[in-house]
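Student: This structure is in structure tokens; I'll ask about it shortly.
The values are calculated or read from the model by the stated rules, or taken from the named source; none is laboratory data. This structure is a prediction, so every number in the text was calculated from the model and none was measured. Because the Cβ atoms are built from the backbone with ideal geometry, glycine has one as well, and the counts that use them run over all protein chains shown. Surface accessibility is based on the protein's heavy atoms, side chains included, excluding ligands, DNA and RNA. Shrake-Rupley method; radii C 1.70, N 1.55, O 1.52, S 1.80 Å.
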Amino acid sequence: MPRKMNFGEFEKKAILPFDEISAIYTIDPISTRLAYFIYKKNIKISPNNITWFRLLVQGPLIFLCLFLAPFLQIRAFYLISAIMLYLVMLSDTLDGHLARGADRRSASGGFLDIISDRIVIIIFIASLFSIGMFEQNLFLIYGSTLLFVVKMYNMTVINKVYYFEQDFRDKTVKSGDLFSGLKELD
């Protein structure tokens, strides 16, 4: 049986060097330790299981809480949905940390993770917009619209330019390839 890595070795493999600063201080410390615990105790949870859970359970629960809050006049559902959103972000980093740290990456898992991320984001923003329309709350309506525009801009332009610049420095792409579609980037 191969030797199990210690936490420091696992953490080096698991954490991306270009994580967002908010993730580094709020989510990464918890998700890395959870991923290491799953790895060390040999718990039979795959990164894909975590992604499927996020897609099929957590996303719909957020939507349900945000949908029911105005109908049932229970404001605690907003708090529950905020906690669920944190758990979605935690599970998103957890599956990545487990996949990288335990060398359990797969193309299908990466694709499933991207799809899951986009669906949960869309469910959350659409729910906020719907609640804003229902309650005639201009802050929620305009805020969710702005959030959607900023998130789409971030996913399409800023990430592409950032990762292109990284790859350009590493000499894996040429300067004219940024929006050519030759190298797909998240």
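Student: Among the candidates SER81, SER91, SER116, single out the residue that is under 30 Å from ARG3 (Cα atoms), open to solvent by less than 70 Å² (accessible area, probe 1.4 Å) and part of a helix (DSSP H, G or I).
Tutor: SER91 is the lone residue from the list that is under 30 Å from ARG3 (Cα atoms), open to solvent by less than 70 Å² (accessible area, probe 1.4 Å) and part of a helix (DSSP H, G or I).
Student: Exactly one of (1) touching a residue at least 40 places away in the same chain (Cβ under 8 Å); (2) open to solvent by 70 Å² or more (accessible area, probe 1.4 Å); (3) part of a loop (DSSP other than H, G, I, E, B) is unmet by TRP52. Its number?
Tutor: (3)
Student: Taking the criterion of being of a type outside the set (D, E, K, R) and under 12 Å from the mean Cα position of the chain (by Cα), would at least one residue in region 62-72 satisfy it?
Tutor: Checked against the condition, which is being of a type outside the set (D, E, K, R) and under 12 Å from the mean Cα position of the chain (by Cα), region 62-72 yields no hits at all.
Student: Among the residues of region 125-136, which ones are touching a residue at least 60 places away in the same chain (Cβ under 8 Å) and not small (Gly, Ala, Ser)?
Tutor: Result: LEU128, ILE131, PHE134, GLU135.
Student: Say we look at region 27-45 and pick out the residues that are charged (D, E, K, R) and over 14 Å from ASN6 (Cβ atoms); which of these is surrounded by the most Cβ atoms within 10 Å (Cβ to Cβ)?
Tutor: ASP28
Student: Between ARG75, ARG100, which is open to solvent by 40 Å² or more (accessible area, probe 1.4 Å) and free of Cβ contacts under 8 Å to residues at least 24 places away in the same chain?
Tutor: The unique qualifying residue is ARG75.
Student: Return the total of residues in region 56-72 being surrounded by 20 or more Cβ atoms within 10 Å (Cβ to Cβ), aliphatic (A, V, I, L, M) and either within 13 Å of MET89 (Cα to Cα) or modelled with pLDDT of 85 or more (or both).
Tutor: The number of residues fulfilling the criteria is 1.
Student: Looking for something touching a residue at least 12 places away in the same chain (Cβ under 8 Å), in contact with a Phe, Trp or Tyr (Cβ under 9 Å, 6 or more places away or on another chain), surrounded by 14 or more Cβ atoms within 10 Å (Cβ to Cβ) and part of a loop (DSSP other than H, G, I, E, B) - is there at least one such residue anywhere in region 7-21?
Tutor: There is no residue in region 7-21 that is touching a residue at least 12 places away in the same chain (Cβ under 8 Å), in contact with a Phe, Trp or Tyr (Cβ under 9 Å, 6 or more places away or on another chain), surrounded by 14 or more Cβ atoms within 10 Å (Cβ to Cβ) and part of a loop (DSSP other than H, G, I, E, B).
Student: Quick one: count up the residues across region 105-124 that are within 14 Å of the chain's Cα centre (by Cα) and without any contact (Cβ under 8 Å) to a residue 40 or more places away in the chain.
Tutor: Going through region 105-124 one residue at a time, the tally reaches 6.
Student: Can you tell me which residue is farthest from the chain's Cα centre (by Cα) among those in region 31-61 that are hydroxyl-bearing (Ser, Thr, Tyr) and more than 17 Å from ILE122 (Cβ to Cβ)?
Tutor: Among residues in region 31-61 that are hydroxyl-bearing (Ser, Thr, Tyr) and more than 17 Å from ILE122 (Cβ to Cβ), the one farthest from the chain's Cα centre (by Cα) is TYR39.
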